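Have a look at the structure below, then the notes.
The values are calculated or read from the model by the stated rules, or taken from the named source; none is laboratory data. The structure presented is a predicted model; accordingly, all values stated were derived computationally and were not measured. Virtual Cβ from ideal backbone geometry, glycine too; neighbours counted across all protein chains shown.
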Amino acid sequence: MIKSMTGFGRCEIMENNRKFTVELKSVNHRYLDVNIKMPKKLGFFESAIRTLLKEYMQRGKIDLFISYEDYTEENFALKYNEDVAAAYLKYLRQMADTFDLENDIRVSTLSRYPEVFTMEEQSIDEKELWSTLEKALRGACSQFVDSRIAEGEHLAEDLIEKLNTMLGYVDFIEERSPMILTEYRKRLEDKIHELLGDNQIDENRIATEVTIFADKICVDEETVRLRSHIEATKASLEEGGSIGRKLDFIAQEMNREANTILSKTTDITISDIGINLKTDIEKVREQIQNIE
């Protein structure tokens, strides 16, 4: 199957009064580039998350968003910081003595000072937490891959249509090329007749000129290689897998052969077809950038 590099996936899992929401989206990128946004308390899972994602994707700029909500009633515990309270009380007494003030401090007053009482989050069972998070991640990844495959199928259909059109251009160039030599020989003979009249024409000289011209404009090697590249691209699309980089390289080679054909030809018809060929190759290259 062909996969596009653009995709989206979302999954929400609620277990043991804890809820995870995972969202994935991606755009084109030469390599796999993952950007993770999640609560700090989940930071120790980052390595495991990246390892899991590699099971589902090989290329693309991936943005991963994880939100976490904890509804457990005993998740926080009240902590009394005696040392902090003692320090406050010490300095309050010192102030009363220094400035000859009444020391009216009460427990209710002292308890409201910062850090005397704090709420501490209870330790989390990492194994249990990962179990729920992993389910949410895999659910989002599965949906993400499905969306990439669906888009990839449309890409493959469009590319094969363009490649078949390109094969038609190659067929035309191969059929037209021999006619150019015949037309060139006819123009050469007519020119000689015009210049020499009925004097005998040196057939050997004409043959030599035609041979030299044929060598200059011959594109047989280019069309053979171009046809091979097109067929290889079609075969790769049918085979599937992570073929984006490979197809990008082949497209560069196709463009090189088309440029050579255009530089060699002196025929306006082949030039027009060559331009159409280059245009379609560029369209194919743009589409290939979307393939994983």
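Pull out all pairs, ordered by first then second residue, where Cβ-Cβ is under 6 Å, the residues are six or more apart or on different chains, the first lies in segment 11-23 and is closer than 11 Å to residue 129 by Cα, and the second is β-branched (Val, Ile, Thr) and buried (at least 18 other Cβ atoms within 10 Å of the Cβ).
Pairs that qualify, where the first residue is closer than 11 Å to residue 129 by Cα and the partner is β-branched (Val, Ile, Thr) and buried (at least 18 other Cβ atoms within 10 Å of the Cβ), are 20/13.
For residue 83, indicate whether it is surrounded by fewer than 17 Cβ atoms within 10 Å (Cβ to Cβ), outside the structural domain of residue 237 (by TED's automatic domain parsing), assigned to a strand (DSSP E or B) and not basic (Lys, Arg). Quick ask: steps written out before the conclusion?
Working: surrounded by fewer than 17 Cβ atoms within 10 Å (Cβ to Cβ): yes; outside the structural domain of residue 237 (by TED's automatic domain parsing): yes; assigned to a strand (DSSP E or B): no; not basic (Lys, Arg): yes.
Taking the combined requirement at face value, the residue does not satisfy it.
Can you tell me how many residues in segment 276-292 are exposed (fewer than 15 other Cβ atoms within 10 Å of the Cβ) and closer than 16 Å to residue 223 by Cβ?
0
State which residue is farthest from residue 58 (Cα to Cα) when the search covers only segment 224-266 and only residues that are assigned to a loop (DSSP other than H, G, I, E, B) and either among the acidic types (Asp, Glu) or over 19 Å from the mean Cα position of the chain (by Cα) (or both).
266
If you check 1, 95, which single one turns out to be in contact with a Gly (Cβ under 6 Å, 6 or more places away or on another chain), outside any strand (DSSP E or B) and loosely packed, with under 14 Cβ neighbours inside 10 Å?
Values: 95 fails: in contact with a Gly (Cβ under 6 Å, 6 or more places away or on another chain).
Within the list 1, 95, the selection yields 1.
Any idea which of 28, 16 is of a type in the set (S, T, N, Q) and farther than 30 Å from residue 240 by Cβ?
Values: 28 fails: farther than 30 Å from residue 240 by Cβ.
Matching residue, one of 28, 16: 16.
Would you confirm whether any residue within segment 6-22 is of a type in the set (Phe, Trp, Tyr), touching a strand residue (DSSP E or B) at 6+ places or on another chain (Cβ under 7 Å), under 15 Å from residue 147 (Cβ atoms) and modelled with pLDDT of 95 or more? Spell out the reasoning first.
First pass over segment 6-22, keeping only residues of a type in the set (Phe, Trp, Tyr): 8, 20.
When the remaining residues are screened for being touching a strand residue (DSSP E or B) at 6+ places or on another chain (Cβ under 7 Å), the result is 8, 20.
Then drop every residue that is not under 15 Å from residue 147 (Cβ atoms), which leaves 8.
Restricting the remaining residues to those that are modelled with pLDDT of 95 or more gives 8.
Within segment 6-22, one or more residues are of a type in the set (Phe, Trp, Tyr), touching a strand residue (DSSP E or B) at 6+ places or on another chain (Cβ under 7 Å), under 15 Å from residue 147 (Cβ atoms) and modelled with pLDDT of 95 or more.
Of the residues in segment 98-110, how many are without any contact (Cβ under 8 Å) to a residue 12 or more places away in the chain and either hydrophobic (A, V, I, L, M, F, W, C) or not in a helix (DSSP H, G or I) (or both)? Explain how you work it out, then say what you get.
So the first thing to find is which residues in segment 98-110 are without any contact (Cβ under 8 Å) to a residue 12 or more places away in the chain, and the list is 98-104, 106-109.
Subset that is either hydrophobic (A, V, I, L, M, F, W, C) or not in a helix (DSSP H, G or I) (or both): 99-104, 106-107.
Selection size over segment 98-110: 8.
One line per residue, one yes/no per condition, for (1) crowded, with 16+ Cβ neighbours inside 10 Å; (2) touching a residue at least 24 places away in the same chain (Cβ under 8 Å):
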| site | (1), (2) |
| --- | --- |
| 228 | no, no |
| 237 | yes, yes |
| 243 | yes, yes |
| 247 | yes, yes |
| 250 | yes, no |
| 257 | yes, yes |
| 262 | yes, no |
| 267 | yes, yes |
